[in-house]
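Scroll down for the structure; my scribbles are underneath it.
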Amino acid sequence: MTSDDVSSPLPRFSPAVVRRRLWVLLLWTVGIVGSGVVYLSEFRIDNSVAIWFLDEDPELATYRRHNAGFGAREWTYVWLRGDPVFSPEFLRDLQLLGDRIGALDGVAQVVSLTKAGGIGTGPDGRPGIERYHHAVTGDLPSRDEVGRLREMIRGNPLFEGRLVPHNNEQFTILAVKNDNRIEAIDPYRIRLIDEIREAIASRPSILDSGIVGTTVINSGLNRAAKRDMLIYYSLIATFVLVGGGLALGSLRDLLVLVAVVLGTVIPILGAVAACQLPFNLMTVMLPTLLVTVSVSYLIHFIGEFHAVRREQEDRGGRTDPASALTATFGRLLR
């Protein structure tokens with residue numbers, strides 16, 4: 001069968017596209033740029049923990065009921081090293097650090113050496129919570145105040161071995177009770193961990209630190225998801241360029257391949273972003289599927305297009321891109 005034997009359903013479309021190719025390229029460029037701007041301005045990753053589970057998961061339903069009854073909070077623990085922790089300079093910095101972290105968005109409570117207390121008697125004679133550390137925030141506590149705080153902490157089984165290890169006064173724990181918004185899309189965990197680390201870095205007497213807890217684990221997963229997405233997409237783009245160039249053997253065909261891939265992926269991603277649909281563990285695979293389909297179809301199309309051109313040459317006629325496009329559409333459209 002030759003190209004002339006094919007009854008194309010698009011006898012006028014292809015020649016019209018060839019004649020108005022500058023307008024087609026202009027519209028393509030405008031569409032790609034516009035979609036790209038929308039995508040970059042509205043792109044966001046779904047950082048919620050709930051996305052990892054099915055909506056009908058019974059364990060997720062149980063967890064939601066627990067949070068509704070007891071509050072959606074979790075503990076994050078910050079270990080700190082001083083030399084030692086029972087020193088005026090370290091306690092001053094610890095008090096400033098605790099106040100700064102306590103003022104962060106999503107933080108409900110901070111427990112540390114300078115915020116520890118027990119049952120005492122208020123000015124009115126009624127029982128109440130008495131803080132062990134009485135120094136004003138920002139002031140350097142006296143040696144007597146430090147000694148009194150150390151004595152109260154070491155004498156309270158609730159804090160001894162917990163806020164400060166047994167027989168070791170180089171380390172202490174700062175416990176942070178923070179929100180656990182499992183439905184939240186925005187990366188509030190990443191912001192919280194970054195702000196805690198920034199606050200720690202601002203205190204000179206803190207020699208070393210570390211953070212543990214589900215909040216820091218989830219923030220690490222969210223960071224890794226974004227990093228891995230960028231690495232993965234870069235590898236896909238490299239594979240398309242290198243593999244396409246080797247398979248097609250023509251710079252012109254490779255440019256067509258790149259144009260088709262961009263024309264397929266970018267408008268769809270722009271539409272997803274315009275609809276305020278965040279990327280999650282499933283939709284992040286969408287570009288890969290689009291690239292796979294568009295590349296495989298285009299290589300098939302280009303191969304058939306060149307076959308039609310060769311048929312025109314074998315018949316001794318003039319090769320006509322417009323008629324070759326029409327014939328290729330006719331062969332492949334069905």
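The values are calculated or read from the model by the stated rules, or taken from the named source; none is laboratory data. These figures come from a predicted structure and were not determined experimentally. No Cβ is skipped: glycine too gets one built from the backbone with ideal geometry, and neighbour counts run over all protein chains shown. Keep in mind that these areas ignore ligands, DNA and RNA; they rest on the heavy atoms of the full protein, side chains included. Shrake-Rupley method; radii C 1.70, N 1.55, O 1.52, S 1.80 Å.
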Quiz item: Would you say Arg310 is open to solvent by 50 Å² or more (accessible area, probe 1.4 Å), part of a helix (DSSP H, G or I) and touching a residue at least 60 places away in the same chain (Cβ under 8 Å)?
Solution: no
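Would you tally the residues in region 38-54 being open to solvent by 90 Å² or more (accessible area, probe 1.4 Å) and within 25 Å of Ile268 (Cβ to Cβ)?
Filtering region 38-54 down to residues open to solvent by 90 Å² or more (accessible area, probe 1.4 Å) leaves 40, 52-54.
Subsequent filtering for residues that are within 25 Å of Ile268 (Cβ to Cβ) retains 40, 52.
Residues in region 38-54 being open to solvent by 90 Å² or more (accessible area, probe 1.4 Å) and within 25 Å of Ile268 (Cβ to Cβ): 2 in total.
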Practice problem: Within region 122-134, identify whether any single residue is under 22 Å from Arg197 (Cα atoms) and outside any strand (DSSP E or B), and answer yes or no. | Solution: no
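If only one of Ala116, Ala72 is of a type outside the set (Ser, Thr, Tyr), under 21 Å from Leu192 (Cα atoms) and either modelled with pLDDT under 95 or surrounded by fewer than 15 Cβ atoms within 10 Å (Cβ to Cβ) (or both), which one is it?
Working: Ala116 fails: under 21 Å from Leu192 (Cα atoms).
Result: Ala72 is the single residue among Ala116, Ala72 that is of a type outside the set (Ser, Thr, Tyr), under 21 Å from Leu192 (Cα atoms) and either modelled with pLDDT under 95 or surrounded by fewer than 15 Cβ atoms within 10 Å (Cβ to Cβ) (or both).
Could you check region 289-302 and list, in sequence order, the residues that are open to solvent by less than 40 Å² (accessible area, probe 1.4 Å) and not polar (S, T, N, Q)? Outline the logic, then answer.
Filtering region 289-302 down to residues open to solvent by less than 40 Å² (accessible area, probe 1.4 Å) leaves 290-291, 294-295, 298, 302.
Those that are open to solvent by less than 40 Å² (accessible area, probe 1.4 Å) and not polar (S, T, N, Q): Leu290, Val291, Val295, Leu298, Ile302.
So if I check each of Ser296, Ser323, which one is among the hydroxyl-bearing types (Ser, Thr, Tyr) and touching a residue at least 40 places away in the same chain (Cβ under 8 Å)?
After ruling out the rest, the residue left standing is Ser323.
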Exercise. Tell me which residues, restricted to region 249-280, are open to solvent by less than 30 Å² (accessible area, probe 1.4 Å) and among the charged types (D, E, K, R).
Key: Asp253
Exercise. Go through (1) at pLDDT below 85; (2) under 30 Å from Asn180 (Cβ atoms); (3) open to solvent by 50 Å² or more (accessible area, probe 1.4 Å) and name the single condition Gly128 misses.
Key: (3)
Quiz prompt | Residues that are farther than 11 Å from Leu91 by Cβ, of a type in the set (A, V, I, L, M) and either open to solvent by 100 Å² or more (accessible area, probe 1.4 Å) or not in a helix (DSSP H, G or I) (or both), drawn from region 135-156 | solution = Val136
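Has region 57-75 got at least one residue that is in contact with a Ser or Thr (Cβ under 7 Å, 6 or more places away or on another chain), part of a loop (DSSP other than H, G, I, E, B) and of a type in the set (Gly, Ala, Ser)? So that I can check it myself, show each step before the final result.
Within region 57-75, the first condition is being in contact with a Ser or Thr (Cβ under 7 Å, 6 or more places away or on another chain), and the residues that meet it are 74.
From the residues that got through so far, the ones that are part of a loop (DSSP other than H, G, I, E, B) too are none.
There is no residue in region 57-75 that is in contact with a Ser or Thr (Cβ under 7 Å, 6 or more places away or on another chain), part of a loop (DSSP other than H, G, I, E, B) and of a type in the set (Gly, Ala, Ser).
Among the candidates Val18, Val6, which residue alone is touching a helix residue (DSSP H, G or I) at 6+ places or on another chain (Cβ under 6 Å), of a type in the set (A, V, I, L, M), modelled with pLDDT under 65 and open to solvent by less than 70 Å² (accessible area, probe 1.4 Å)?
Working: Val18 fails: modelled with pLDDT under 65.
The conditions single out Val6.
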Quiz prompt | Condition broken by Phe159, with the remaining ones in (1) more than 30 Å from Phe305 (Cβ to Cβ); (2) aromatic (Phe, Trp, Tyr); (3) open to solvent by 30 Å² or more (accessible area, probe 1.4 Å) satisfied | solution = (3)
Quiz prompt | Selection from region 199-216 of residues that are closer than 19 Å to Leu104 by Cα and out of contact with any helix residue (DSSP H, G or I) (no Cβ under 7 Å at 6 or more places or on another chain) | solution = Ala201, Ser202, Gly210, Val212, Gly213, Thr214
Quiz item: (1) touching a helix residue (DSSP H, G or I) at 6+ places or on another chain (Cβ under 8 Å); (2) not in a loop (DSSP other than H, G, I, E, B): which one isn't true of Thr319, the others all being true?
Solution: (2)
Quiz item: Regarding Ser41, is this residue more than 30 Å from Asn168 (Cα to Cα), in contact (Cβ under 8 Å) with a residue 40 or more places away in the chain and either among the β-branched types (Val, Ile, Thr) or in a helix (DSSP H, G or I) (or both)?
Solution: yes
